[in-house]
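What follows is one structure encoded as structure tokens, with my remarks underneath.
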């Protein structure tokens, strides 16, 4: 609903951090400061967890100049801290301790606007709070702002954070292609890229070929079943062309029977949402290829830097991440709630985007896979259509602050 | 010796590639083009291997403008290709097929200047060729130019390539420190950094603390024996301060009895120089910490990007790498041979360097370890003296060429 009286707002960050999540926070802060309908914007430490223990800071007070916002935008990971708290089911929420505490906190502090920057699981929080709000007799607008390097959220053309992760992946793949090409003996390099269920990040490795035609020999996504025999035949084919074969694989690669390729290497640990921690796919394949071909094989896991390499962030991504945060505030002020801000790619030859809210129920707990026409027939690479989709998202070098030749990141006074 | 007649020169690259090795090649090319004593500078494909099979290109012809040299400088890995060929012992060289072929090639092409850009093992090649030269009745100057991210060569203050690797390591460690700080539950992140025998690269992780005081909790180098009990006690100590512990370990970490920490994880494969391929140290420690503390543990291997991340190269390193290449040509023209160019750190408050040749025999097959006063008493971190030594080497951002937001690397027409 639209509130006539001035009120306060709160913002939290949740889920796995990304390079761009602070740019979105900066966008939320910037638009809140610019609005005369919002009095104070609070920042909750560790998302909903911080709201439950009333651990919040006054962001309106801290961000007294543009330079601070710029530096926050260039700092990776969640400056407010993150959480993985899953709120209880909405049935009988009015008697639930967590919901009671949260709404007491909102009422006490006259908070009418709630912004939550996160991925799929965070939209679940937005959806639940919107659903139980009426029961507590407190009108409030809940708006989610997407964030995930995985690019697997429904409805939005792409997710803030994906472009920077994709840029880092394509960049280091290009560099590793230079590196691995120097020797003349047969060798295979297998690069494992993040992506539990979807291949968006692994697909980005193919961008390495855009400028000079040299990209990974093969790109295997979890959207297709992995088959060892075809894999070995693919490598044999590549060896006919050059001695140095580079392959990009998704950490979520699985066999036709559903077993994960890296299963033997993994601890089996899961997070609170039941997601398995994955790794070991490239290592497993390294062992298999070494056995089959007897050549030198190296496995490389790109690991954490994929989601925090601020020094190689995409200008397009950082700018859009900021804008989608601002757009969330504007939508909220216009009465939008129970929604997530989406990035819509406009029609036309030149790349441009708009921001639109969409119902959270159509996004939460859904997964957007790499579409069929983005993957080639053999299932061992991406198509030009996929390249055309990804390329504008990595465009431009984001501003990055250094001192002594090293990153100069912004920290909040917690 | 000093040659009065104009003659030709040859340059090769050898050993593991680095981010800066092409900047040194550009320096050699630049000084050769500027000299009226050198007619043609040839580039040998894959180092000595290319000279043996006469696979060379005319670099004087290819580099017809400065822009090409700048772009070469910004391209990682060895543009000429590399090799790991170890030349036979020098005894009875005049009857050895390899040496005969090489000197036939030098004579036929009137090559009097030989430049070899490489690490420790490559200086062995310079040393051997210098030693056998007389026997073939062909006067020639052999000059080595150092290159190794490992920084483990004797006499030189530091090695070209180290500064860029150190900068990349410190940068991603800073970023990972942001990333791992977002959650409130106890977690340990163990980052494995290259360095077989020496801890120079691992030490660079400590640079992350320079700007905001937040660095790795501990830094373990192979210069000290690793002890699991002290390691666990260190982590316990860190948990008293904060829930997120980040530790940097060298891939070459070993126990007091000499066994490598990562031994159980390794294939045992060695290269032609008998060096073991190492990895698995962080993985081994991940398992041990998980067992001991029962908390979340993640291991990260920085892997190949350490030696090829041109997008994050140090300006100081790239400029020095270029200059040391040029200095090698100048020394050679002045009659120097059987030597390697060294970088000398000048006295004075402001950081500056000079370039000086030193006898190869004092460098080849020797290792420069991190000195005792660079490591703290407990052996679990570096000292301020070490930071002061490393800091100027990572200074400045090297020029880096992009197109479509992606690296635009230079390739030679092989």
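The values are calculated or read from the model by the stated rules, or taken from the named source; none is laboratory data. Remember, predicted model here, so these are calculated numbers, not experimental data. Positions of Cβ are backbone-derived with ideal geometry, glycine not excepted, and every protein chain shown enters the neighbour counts.
Go through region B:301-327 and report how many residues are assigned to a loop (DSSP other than H, G, I, E, B) and surrounded by fewer than 24 Cβ atoms within 10 Å (Cβ to Cβ).
Going through region B:301-327 one residue at a time, the tally reaches 2.
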Q. How many residues, within region B:153-178, are on the phi > 0 side of the Ramachandran plot and either modelled with pLDDT of 95 or more or part of a helix (DSSP H, G or I) (or both)?
A. 1
(Q) What's the number of the only condition in (1) at positive phi; (2) in contact (Cβ under 8 Å) with a residue 60 or more places away in the chain that residue B:348 fails to meet? (A) (2)
Q: Could you give me the residue pairs with C-beta distances under 8 Å whose first residue belongs to region B:153-176 and is within 10 Å of chain A (Cβ to nearest Cβ) and more than 21 Å from residue A:307 (Cα to Cα), whose second residue is modelled with pLDDT of 95 or more and assigned to a helix (DSSP H, G or I) wherever it lies, and which are 6+ apart or on separate chains?
A: B:163/B:316; B:163/B:317; B:163/B:320; B:163/B:393; B:163/B:394
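Condition check: surrounded by fewer than 18 Cβ atoms within 10 Å (Cβ to Cβ) and modelled with pLDDT under 95. Does residue B:279 satisfy that?
no
Tally up the residues in region B:300-323 that are closer than 22 Å to residue A:175 by Cβ and more than 7 Å from chain A (Cβ to nearest Cβ), please.
Adding up the residues that qualify gives 11.
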Q.
Given (1) surrounded by fewer than 19 Cβ atoms within 10 Å (Cβ to Cβ); (2) under 19 Å from residue B:125 (Cα atoms); (3) in contact with a helix residue (DSSP H, G or I) (Cβ under 8 Å, 6 or more places away or on another chain), identify the lone condition not met by residue B:330.
A. (2)
**Q.** Tally of residues being over 19 Å from residue A:397 (Cα atoms) and surrounded by fewer than 19 Cβ atoms within 10 Å (Cβ to Cβ) across region A:53-78
**A.** 12
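Out of A:132, A:145, A:126, report the one residue that is part of a strand (DSSP E or B), away from chain B (no Cβ under 14 Å), in contact with a helix residue (DSSP H, G or I) (Cβ under 6 Å, 6 or more places away or on another chain) and within 30 Å of residue A:4 (Cα to Cα).
The unique qualifying residue is A:145.
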Q | Hits in region B:385-414 - residues which are under 18 Å from residue A:408 (Cα atoms), more than 9 Å from chain A (Cβ to nearest Cβ) and touching a strand residue (DSSP E or B) at 6+ places or on another chain (Cβ under 8 Å) | A | B:398
Q | Those residues of region A:353-377 which are in contact with a strand residue (DSSP E or B) (Cβ under 8 Å, 6 or more places away or on another chain), without any contact (Cβ under 8 Å) to a residue 24 or more places away in the chain and assigned to a loop (DSSP other than H, G, I, E, B), in sequence order | A | A:376
Q: Answer yes or no as to whether residue A:27 is more than 22 Å from residue A:399 (Cα to Cα), within 23 Å of the chain's Cα centre (by Cα) and either assigned to a helix (DSSP H, G or I) or assigned by TED's automatic domain parsing to the domain that holds residue A:333 (or both).
A: no
(Q) Against the conditions (1) within 26 Å of residue B:185 (Cα to Cα); (2) in a loop (DSSP other than H, G, I, E, B), where does residue A:2 fall short? Just the number, please. (A) (1)
Q | Count - residues of region B:239-265 that are closer than 25 Å to residue A:81 by Cβ and surrounded by 18 or more Cβ atoms within 10 Å (Cβ to Cβ) | A | 5
Q) Out of curiosity, is residue B:92 at pLDDT below 95, away from every other protein chain (no Cβ under 14 Å) and surrounded by fewer than 16 Cβ atoms within 10 Å (Cβ to Cβ)? A) yes
Q) Are any residues in region B:32-50 assigned to a helix (DSSP H, G or I), crowded, with 21+ Cβ neighbours inside 10 Å and more than 14 Å from chain A (Cβ to nearest Cβ), and if so, which ones? A) B:32
